[in-house]
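The values are calculated or read from the model by the stated rules, or taken from the named source; none is laboratory data. Owing to the predicted nature of the structure, the values given are computational and were not obtained by experimental measurement. For neighbour counting, all protein chains shown are included, and Cβ atoms are generated from backbone atoms with ideal geometry for every residue, glycine included.
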Amino acid sequence: MRTVRFEDPTHDDGCSAARYLARVPEGLVVGGYRGWLHFAAMRDVSRLEAVWNEFNTRLDPNAAGLAMAGLERLIRQLGSCAACPLRFHCQGVKHLCRDECLMLSLISGLQNGEDEAAFLSALGLTSADRAPTIVTAGGEFAMALKISGHQLLPIHADTVRWLATDRSQPAKTTLH
């Protein structure tokens with residue numbers, strides 16, 4: 001069983017996921033994903049308020065609304081067609097599980113014109129029949145972040161292929 005580590009965000013222990021999540025665009029994606037899934041799992045509105053506050057702080061008001069609506073649409077689509085329970089860590093955890101990595105690569109692929117990476121990410125989260133729906137649903141969220149100047153680092157298709165097949169370190173929390 002994998003141990004979840006809660007870390008002091010000012011302490012850099014060399015963890016690549018912690019450094020990656022320290023970037024604002026990636027932090028917005030993972031924080032939004034975790035917040036929406038925690039809300040869906042626990043019906044705790046404070047989780048959505050925290051996501052909204054972060055989006056409102058980091059994005060202009062129009063983009064914040066678009067990002068929130070786009071992420072909601074994406075999470076709803078994933079909730080109805082995920083291939084297996086969606087996995088996620090608690091807010092503040094400085095590590096990434098497989099599904100969080102696939103979410104990052106989906107949004108990154110959409111923002112950076114990496115169509116194959118985006119589609120493979122969707123395939124890792126759902127079935128071949130539903131993957132185009134997930135790609136489409138992710139577009140609004142990806143573009144809302146991009147037009148606000150928050151572009152994710154590129155994640156290439158070879159990395160996504162590896163991520164999509166790696167199920168060795170799932171998060172404890174799931175939703176489906």
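When region 111-130 is examined, which residues are found to be in contact with a Ser or Thr (Cβ under 9 Å, 6 or more places away or on another chain) and part of a helix (DSSP H, G or I)? Working first, answer last.
Quick first cut of region 111-130, residues in contact with a Ser or Thr (Cβ under 9 Å, 6 or more places away or on another chain) only: 114, 117-118, 120-122, 124, 126, 130.
Once the filter is applied, which keeps residues that are in contact with a Ser or Thr (Cβ under 9 Å, 6 or more places away or on another chain) and part of a helix (DSSP H, G or I), region 111-130 yields 117, 118, 120, 121, 122, 124.
Looking only at region 94-115, how many residues end up being out of contact with any Gly (no Cβ under 7 Å at 6 or more places or on another chain) and among the aliphatic types (A, V, I, L, M)? Spell out the reasoning first.
To start, the set of residues in region 94-115 that are out of contact with any Gly (no Cβ under 7 Å at 6 or more places or on another chain) comprises 94-101, 103-105, 108-109, 111-114.
Keeping just the survivors that are among the aliphatic types (A, V, I, L, M) gives 96, 103-104.
Residues in region 94-115 being out of contact with any Gly (no Cβ under 7 Å at 6 or more places or on another chain) and among the aliphatic types (A, V, I, L, M): 3 in total.
Tell me which residues, restricted to region 148-170, are surrounded by fewer than 16 Cβ atoms within 10 Å (Cβ to Cβ), part of a helix (DSSP H, G or I) and hydrophobic (A, V, I, L, M, F, W, C).
Listed by number, the list holds a single entry, 162.
Here is a check on your reading of the model: is residue 151 out of contact with any strand residue (DSSP E or B) (no Cβ under 7 Å at 6 or more places or on another chain) and at pLDDT 95 or above? Outline the logic, then answer.
On the way: out of contact with any strand residue (DSSP E or B) (no Cβ under 7 Å at 6 or more places or on another chain): yes; at pLDDT 95 or above: yes.
Yes; evaluated as a whole, the condition is true for this residue.
How many of the residues making up region 40-60 are surrounded by fewer than 18 Cβ atoms within 10 Å (Cβ to Cβ) and not in a helix (DSSP H, G or I)?
3
Being modelled with pLDDT under 95, on the phi > 0 side of the Ramachandran plot and of a type outside the set (Lys, Arg) is the requirement here; does residue 92 meet it? Full working, then the answer.
On the way: modelled with pLDDT under 95: yes; on the phi > 0 side of the Ramachandran plot: yes; of a type outside the set (Lys, Arg): yes.
Spelling it out, residue 92 is indeed modelled with pLDDT under 95, on the phi > 0 side of the Ramachandran plot and of a type outside the set (Lys, Arg).
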